[in-house]
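The values are calculated or read from the model by the stated rules, or taken from the named source; none is laboratory data. The model shown is predicted, which means the values in this text are computed figures rather than measured ones. Because the Cβ atoms are built from the backbone with ideal geometry, glycine has one as well, and the counts that use them run over all protein chains shown.
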Amino acid sequence: MTGSQPAIPAARPVIGEEEIDAAVRVLRSGMVVQGPEVAAFEREFGELVEGRHCVAVNSGTSALQLSLLALDLKPGDEVIVPSFSFAATANAVRLAGATPVFADIDPATFNLDPDAVAAAVTPRTVAIMPVHLYGQPAAMDRIMPIAEAHGLAVIEDAAQAHAAALNGTPVGAFGLAGCFSFYPTKNMHSLEGGMITTADAEYARKLRLLRNQGMEQRYQNEIVGANMRLTDVAAAIGRVQLGKLLGWTRKRQENAAFLNANLSGVAVPTVAEGVEHVYHQYTVRVSGDRDAFQAALAERGIGNAVYYPTPIHRLRPYLTEDGNVGPWKLPETDRAAAEVVSLPVMPSLTQEELERIVAAVNEVAA
Ligand SMILES: *Cc1c(COP(=O)(O)O)cnc(C)c1O
């Protein structure tokens with residue numbers, strides 16, 4: 001601890017008076033599940049993704065899972081994913097009955113390397129699932145042509161990238177589906193929640209059926225479906241947060257610009273050409289002993305975290321049957337997992353806190 005100054009947490013989810021008022025209003029209304037607030041949230045979120053259809057669900061993981069279930073995957077179908085992501089990315093593929101195939105990342109952006117994606121395509125590949133990690137869009141300008149050349153669906157994992165864009169196109173408006181999360185630590189939240197965005201009306205209808213037991217009309221089930229509905233309480237909170245998203249995003253970008261300009265001794269994020277990075281995380285690379293670096297920052301009251309210390313292909317469910325790491329060649333994924341540290345970048349940071357972060361990092365990294 002640095003004297004009497006309170007520690008700066010790694011993230012600070014917002015549940016303000018407006019969010020609480022919105023939740024109470026819905027509870028008093030009695031319309032609490034898949035009602036008018038959900039419909040309004042879907043309509044308003046569509047403005048972020050060029051007016052695409054939006055289907056609200058109960059989590060980001062459900063969004064990924066439903067968007068894959070709607071492809072009617074067969075056992076043995078392959079979906080290309082990064083291993084340098086949250087496990088939900090690959091879990092959704094497995095839960096939908098298909099096989100994740102891991103491709104390596106571009107060390108400059110931490111996102112899928114398009115050359116690695118192209119090399120991972122086989123006759124069994126049905127989809128590519130790029131992740132816009134830390135809030136930076138993946139190289140969709142190169143990934144979409146690969147998908148088109150091979151007739152593959154693209155499902156964007158945009159859980160960390162609300163309002164991020166590449167060459168003017170927002171994430172969630174590139175692939176067949178864009179999948180967003182509204183978990184409390186994300187750039188906006190609804191306590192728990194998720195959204196699927198798509199330009200394909202037929203596909204959107206199928207997502208709506210799958211979300212609600214396969215029913216459009218009550219008790220007239222058309223297909224087998226799940227219950228992945230969003231509550232109206234969550235949607236009302238999400239609408240309040242959506243209204244603040246762009247202001248918060250600007251503040252995240254300003255915070256990141258200050259850190260970029262003032263940090264030394266660590267490798268600051270690189271942003272690809274034409275990219276609107278929304279800094280869900282501000283992630284640096286540390287050379288040397290990362291554990292010691294993290295501990296020294298924590299000692300100085302600077303919250304920090306590693307996303308993600310273990311690449312998905314090294315997690316237990318993704319090992320081979322005899323418990324070994326599969327035949328993957330992912331050197332940049334392994335290197336990133338060993339080197340990254342995320343620093344606080346949330347919108348509520350004060351100038352004084354930003355300066356404390358810079359002073360601590362520069363001292364520890366020296
Ligand atoms: C948060 C996250 C998810 C899952 O979202 P939940 O709402 O927590 O289910 C999926 N993918 C990535 C990359 C995430 O960061």
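All conditions but one from (1) within 18 Å of residue 164 (Cβ to Cβ); (2) touching a Ser or Thr at 6+ places or on another chain (Cβ under 9 Å) apply to residue 246; the one that does not is (2). Only residues that are on the phi > 0 side of the Ramachandran plot and in contact (Cβ under 8 Å) with a residue 40 or more places away in the chain were counted across the range 132-167, and they come to 4. If we scan the range 58-72, do we find a residue that is closer than 17 Å to residue 159 by Cα, in a loop (DSSP other than H, G, I, E, B) and within 16 Å of the ligand (Cβ to nearest atom)? Scanning the range 58-72, I find at least one residue that is closer than 17 Å to residue 159 by Cα, in a loop (DSSP other than H, G, I, E, B) and within 16 Å of the ligand (Cβ to nearest atom), so the answer is yes.
What residue, of 302, 237, is in contact with a Pro (Cβ under 8 Å, 6 or more places away or on another chain) and crowded, with 18+ Cβ neighbours inside 10 Å?
Details: 237 fails: in contact with a Pro (Cβ under 8 Å, 6 or more places away or on another chain).
Matching residue, one of 302, 237: 302.
If you check 236, 256 for being closer than 19 Å to residue 164 by Cα, among the small types (Gly, Ala, Ser) and either more than 16 Å from the ligand (Cβ to nearest atom) or at pLDDT below 95 (or both), only one passes: 256.
Taking (1) within 12 Å of the ligand (Cβ to nearest atom); (2) buried (at least 24 other Cβ atoms within 10 Å of the Cβ); (3) under 20 Å from residue 134 (Cβ atoms) in turn, residue 91 satisfies each apart from (2). Residues in the range 172-187 that are more than 17 Å from residue 62 (Cβ to Cβ) and within 12 Å of the ligand (Cβ to nearest atom): 2 in all.
Can you name the residue in the range 293-325 that is within 16 Å of residue 83 (Cα to Cα) and basic (Lys, Arg) and is also nearest to the ligand (Cβ to nearest atom) among such residues?
314
Checked against (1) in a loop (DSSP other than H, G, I, E, B); (2) in contact with a Gly (Cβ under 7 Å, 6 or more places away or on another chain); (3) more than 30 Å from residue 302 (Cα to Cα); (4) of a type outside the set (Val, Ile, Thr), residue 5 passes all but a single condition, namely (3).
For the range 109-124, taking the residues that are surrounded by 21 or more Cβ atoms within 10 Å (Cβ to Cβ) and among the polar types (S, T, N, Q), the one that is farthest from the ligand (Cβ to nearest atom) is identified as 109. Counting only residues that are more than 22 Å from residue 46 (Cβ to Cβ), part of a loop (DSSP other than H, G, I, E, B) and hydrophobic (A, V, I, L, M, F, W, C), the range 130-145 holds 1 of them.
Does residue 120 count as among the small types (Gly, Ala, Ser) and either touching a residue at least 40 places away in the same chain (Cβ under 8 Å) or over 18 Å from residue 55 (Cβ atoms) (or both)? Spelling it out, residue 120 is indeed among the small types (Gly, Ala, Ser) and either touching a residue at least 40 places away in the same chain (Cβ under 8 Å) or over 18 Å from residue 55 (Cβ atoms) (or both).
Out of curiosity, is residue 321 assigned by TED's automatic domain parsing to the domain that holds residue 27 and either charged (D, E, K, R) or at pLDDT below 95 (or both)? So residue 321 fails the test.
To keep it simple, each residue is scored yes or no on (1) crowded, with 19+ Cβ neighbours inside 10 Å; (2) away from the ligand (no atom under 16 Å from the Cβ); (3) in a loop (DSSP other than H, G, I, E, B).
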{"position": "249", "(1), (2), (3)": "yes, yes, no"}
{"position": "269", "(1), (2), (3)": "yes, yes, yes"}
{"position": "273", "(1), (2), (3)": "no, yes, yes"}
{"position": "291", "(1), (2), (3)": "no, yes, no"}
{"position": "327", "(1), (2), (3)": "no, yes, yes"}
{"position": "353", "(1), (2), (3)": "no, yes, no"}
{"position": "360", "(1), (2), (3)": "yes, yes, no"}
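The set of residues in the range 189-206 being surrounded by fewer than 24 Cβ atoms within 10 Å (Cβ to Cβ) and within 16 Å of the ligand (Cβ to nearest atom) consists of 189, 191, 192.
Let's see how each residue does on (1) surrounded by 24 or more Cβ atoms within 10 Å (Cβ to Cβ); (2) of a type in the set (Gly, Ala, Ser):
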residue	(1), (2)
133	yes, no
138	yes, yes
165	no, yes
176	no, no
179	yes, no
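In the set 45, 102, only one residue is within 23 Å of the chain's Cα centre (by Cα), surrounded by 15 or more Cβ atoms within 10 Å (Cβ to Cβ) and farther than 30 Å from residue 337 by Cα; that residue is 45.
All of 37, 50 fail the test of being away from the ligand (no atom under 16 Å from the Cβ) and either crowded, with 19+ Cβ neighbours inside 10 Å or within 16 Å of the chain's Cα centre (by Cα) (or both), apart from 37.
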